[in-house]
Structure formats: C-alpha cells, structure tokens
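The values are calculated or read from the model by the stated rules, or taken from the named source; none is laboratory data. None of the values given here were measured: they were computed from a predicted structure. Note that we place each Cβ from the backbone using ideal geometry, even for glycine, and neighbour counts take in every protein chain shown. Surface accessibility is based on the protein's heavy atoms, side chains included, excluding ligands, DNA and RNA. Shrake-Rupley method; radii C 1.70, N 1.55, O 1.52, S 1.80 Å.
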Amino acid sequence: MSLQSHVLAGERAHPGATGDFSWILSAISLATKTIGNKVRRARIEDVLGELAAENTHGERQQKLDVIANNVIKSCLGSRANIGVLVSEEDEEPTVLRTRNDGGRYAVFFDPLDGSSNLDVSVGVGTIFGIVRLPEGEKGGVDAILSKDSHIVAAGYVLYGSSTVFMLTTGDGVDMFVLDHSIGSYVLAKRGVQMPDARQIYSINEAYSDRFPQGVQSYLGWAHKEGYSSRYIGSMVADVHRTILKGGIFIYPVSSDRPKGKLRLLYEALPMAMLVEQAGGVAITESGTRILDIYATDLHERTGVILGSTQEIAYFQEHMNKSS
Ligand code: P6P
C-alpha cells in the first residue's frame with residue numbers, strides 16, 4: 001500500500017473528512033522525495049558545505065538547508081488549504097492566505113535537520129507538523145501562536161540507509177519506506193509501538209557538567225545500571241532509533257543553553273506527537289508534557305526528554321530527587 005492510498009483509505013474511514021490531509025501530505029511526499037534525491041547526490045552535485053549566510057539562530061546554513069527549504073515551500077505553497085508555513089530556516093513565517101480564504105492549516109517544518117552531518121553521510125531528516133488554525137480572522141503569527149491552534153498531524157522523513165517516512169494523524173504511527181524502483185513510499189509497518197523499556201540513553205555527554213543536577217544524577221545511575229549510550233547527533237536518527245528500539249533521548253537545558261537547543265514548534269512538538277502516538281512519553285526537565293506547551297515565539301527552544309515510558313519514569317525519579 002502506498003502512502004497516498006493509505007491516506008485516502010484513512011479519509012474514507014472518517015466520514016466528513018475533507019481530503020485536506022491528502023493534499024498536504026502529497027506535497028510533503030513529493031518534497032521529501034526531491035530532498036532525498038539531492039541529499040544522496042550532494043557530493044556529486046557539489047552542494048555540500050556551508051553558505052556564508054546564517055539562519056535565524058545565528059547558525060551557519062548548509063547549502064542543502066536552503067535547497068531543502070525552497071523545495072518544501074514550493075511544494076506546499078501550491079496547496080490551497082495551507083495558510084502559513086513556518087520554517088527553521090526563515091525568521092518570518094510565509095503567509096500564503098488567510099483562514100477565511102481557505103488557509104485552514106499551518107505547516108511547521110525543519111527542512112533538513114542534522115544537516116551539519118551531511119558531509120559525513122550520517123542520516124539527516126525533514127521534520128514536519130500540521131496545525132489546524134483557529135476560526136476567525138486571525139492570520140499569520142497570531143493564528144499560529146493562538147491557544148486554539150492544534151497540531152493534528154506530524155511526521156519525519158529520515159534520509160538514511162533507506163528513506164523512511166513516519167507519520168501520525170492522531171491514530172497511531174505508520175511507517176513507510178521509499179521504494180526507489182517505483183518512486184513511491186510504501187507501507188512497511190502500521191501502528192508502530194515503542195518498547196516500554198530499553199537500556200539505551202541518547203545524550204551529548206560532552207556537556208554533562210552543564211546539565212541540571214538531576215540529569216547528571218540520572219547519567220551516573222545509568223552508567224552503574226549498564227546502559228548503552230547511542231548518540232548520532234541528528235535528532236531524526238536518534239528519535240527514530242528510540243521509537244523502534246526503545247530507550248530515552250535527552251537534550252536538556254544547560255547552564256549555557258538555559259532554554260535548551262531544540263526548537264519547540266518544528267522539532268519538539270512533531271516528535272512529541274509521534275512519540276506519544278507510538279506509546280512513549282515526551283516531556284521537559286520539569287515534567288511538562290511537550291504537547292501541552294503553548295509557544296510564545298515561532299522559534300523558541302525547549303528541553304526535550306522523550307522515550308519509553310519506563311525509561312522516562314527512571315529519569316523523572318532523578319529529576320524529582322534533585323528538585
Ligand atoms: P549537539 C542538529 O544540529 C540538531 O539540531 C539535532 O538534529 C540534534 O539532535 C542536535 O542538534 C545535536 O546537537 O549540540 O549535540 O551537536
């Protein structure tokens with residue numbers, strides 16, 4: 001079953017479905033096939049490396065960041081039911097149309113997360129969230145940051161040893177793999193479930209001295225318990241492993257990053273929806289459910305702790321002891 005037929009079947013199962021999702025997901029499918037092709041051919045086409053420019057966060061942009069951003073915006077821009085696009089690569093949102101002109105959804109995305117790993121062929125990915133915008137005239141940033149905006153679908157595409165599309169529209173997580181021989185994403189697993197426990201933790205331990213005391217206490221405990229450490233430094237790859245194999249992914253706030261590094265709208269929220277739909281947990285250091293956080297800024301950052309229910313419980317024991 002292809003991604004498109006899977007989504008269409010999902011629509012038929014929901015009376016009153018408008019076909020909006022199919023229209024948006026087909027654009028994301030096309031965009032990510034294009035990006036995946038460019039990622040695979042990056043060294044051949046000499047589009048690796050950094051641009052002189054920096055993105056909104058003062059981070060050097062990779063050439064492929066800009067290419068991926070343009071591909072996604074051109075594919076999504078033609079969808080009449082999308083009002084606003086929010087990209088990691090753009091300071092301002094791209095306002096396509098008001099809600100009253102049919103722009104019922106916003107799409108948040110990180111076009112090529114982990115792109116600094118591209119030149120060493122480590123898995124990178126596209127992360128996206130689809131948000132239904134509130135009724136009424138509110139447009140642009142106000143609509144996006146409104147408490148009446150709700151994330152209704154989320155996914156990522158991992159450009160790794162295979163190109164994997166993970167998707168949730170609120171009814172579990174389904175996994176698709178790009179079959180290059182036919183140019184389609186085909187269903188590989190329906191209803192992906194994260195194991196409840198797995199002794200794997202994923203964190204950049206180089207920053208340990210700057211983590212909150214509870215995180216340091218947890219790491220000391222995990223070392224004694226004989227946990228394995230797996231850290232790729234590409235969120236999509238680290239989260240994908242955590243969803244499939246279980247464990248815990250931790251990118252906490254630190255003394256030099258008091259708000260954390262990962263962005264709420266287009267990294268943490270979509271990943272939190274996927275992780276919860278796969279039976280896992282996604283919280284901040286204080287135990288706040290990431291899906292309960294209301295953004296006050298398009299590019300705000302947050303601490304991210306996500307993974308298997310049992311592993312998150314062990315982590316929280318240490319955070320609670322130290323608070
Ligand atoms: P660090 C990639 O730059 C990214 O945004 C995520 O994909 C990844 O999880 C994280 O940053 C890695 O950050 O500080 O460990 O290099």
Residues that are surrounded by fewer than 16 Cβ atoms within 10 Å (Cβ to Cβ), of a type outside the set (A, V, I, L, M, F, W, C) and within 16 Å of the ligand (Cβ to nearest atom), drawn from the stretch 205-222:
205, 208, 209, 210
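To keep it simple, each residue is scored yes or no on (1) surrounded by fewer than 20 Cβ atoms within 10 Å (Cβ to Cβ); (2) under 17 Å from residue 244 (Cβ atoms); (3) over 21 Å from the mean Cα position of the chain (by Cα).
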| position | (1), (2), (3) |
| --- | --- |
| 146 | yes, no, no |
| 155 | no, yes, no |
| 176 | no, yes, no |
| 181 | yes, no, yes |
| 188 | yes, yes, no |
| 193 | yes, yes, no |
| 201 | no, yes, no |
Pairs returned, first residue in the stretch 202-215 that is closer than 13 Å to residue 286 by Cβ, second residue that is of a type outside the set (A, V, I, L, M, F, W, C) and within 12 Å of the ligand (Cβ to nearest atom), beta-carbon separation under 6 angstrom, 6 or more apart or interchain, are 215/252
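When the stretch 107-123 is examined, which residues are found to be within 16 Å of the ligand (Cβ to nearest atom) and part of a strand (DSSP E or B)? If you could, list the steps in order and put the result at the bottom.
Going through the stretch 107-123, the residues within 16 Å of the ligand (Cβ to nearest atom) turn out to be 108-123.
Across the stretch 107-123, the qualifying residues are 108, 109, 110, 111, 112, 113.
Output yes when any residue across the stretch 116-125 is among the hydroxyl-bearing types (Ser, Thr, Tyr), at pLDDT 95 or above and over 16 Å from residue 32 (Cβ atoms), and no when none is. Walk me through it before giving the result.
So in the stretch 116-125, the residues among the hydroxyl-bearing types (Ser, Thr, Tyr) come out as 116, 121.
Remaining after also requiring at pLDDT 95 or above: none.
Within the stretch 116-125, not a single residue is among the hydroxyl-bearing types (Ser, Thr, Tyr), at pLDDT 95 or above and over 16 Å from residue 32 (Cβ atoms).
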Which count do you get for residues in the stretch 76-111 that are closer than 15 Å to residue 127 by Cβ, open to solvent by less than 10 Å² (accessible area, probe 1.4 Å) and free of Cβ contacts under 8 Å to residues at least 40 places away in the same chain?
1
What number of residues within the stretch 290-308 satisfy the criterion of being closer than 15 Å to residue 249 by Cα, outside any loop (DSSP other than H, G, I, E, B) and out of contact with any Phe, Trp or Tyr (no Cβ under 8 Å at 6 or more places or on another chain)?
1
For residue 73, which of the numbered conditions (1) surrounded by fewer than 16 Cβ atoms within 10 Å (Cβ to Cβ); (2) among the charged types (D, E, K, R); (3) at pLDDT 90 or above fails to hold?
(1)
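Give me the residue from the stretch 223-246 that is hydroxyl-bearing (Ser, Thr, Tyr) and surrounded by fewer than 22 Cβ atoms within 10 Å (Cβ to Cβ) and, out of that set, nearest to residue 303 (Cα to Cα).
Filtering the stretch 223-246 for residues hydroxyl-bearing (Ser, Thr, Tyr) gives 227-229, 231, 234, 242.
Those still in the list that are surrounded by fewer than 22 Cβ atoms within 10 Å (Cβ to Cβ) too: 227-229, 231.
On the way: 227: 22, 228: 22, 229: 19, 231: 16 Å.
By that ranking, first place goes to 231.
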In this structure, does residue 68 turn out to be open to solvent by less than 40 Å² (accessible area, probe 1.4 Å), part of a loop (DSSP other than H, G, I, E, B) and within 30 Å of residue 120 (Cα to Cα)?
no
Within the stretch 38-56, work out how many residues are without any contact (Cβ under 8 Å) to a residue 24 or more places away in the chain and within 29 Å of residue 301 (Cα to Cα).
6
State the number of residues belonging to the stretch 223-270 that are assigned to a helix (DSSP H, G or I), touching a residue at least 60 places away in the same chain (Cβ under 8 Å) and either among the aromatic types (Phe, Trp, Tyr) or more than 10 Å from the ligand (Cβ to nearest atom) (or both).
7
Being in contact (Cβ under 8 Å) with a residue 40 or more places away in the chain, of a type outside the set (Lys, Arg) and surrounded by fewer than 19 Cβ atoms within 10 Å (Cβ to Cβ) narrows it down to one residue among 172, 136; which is it?
172
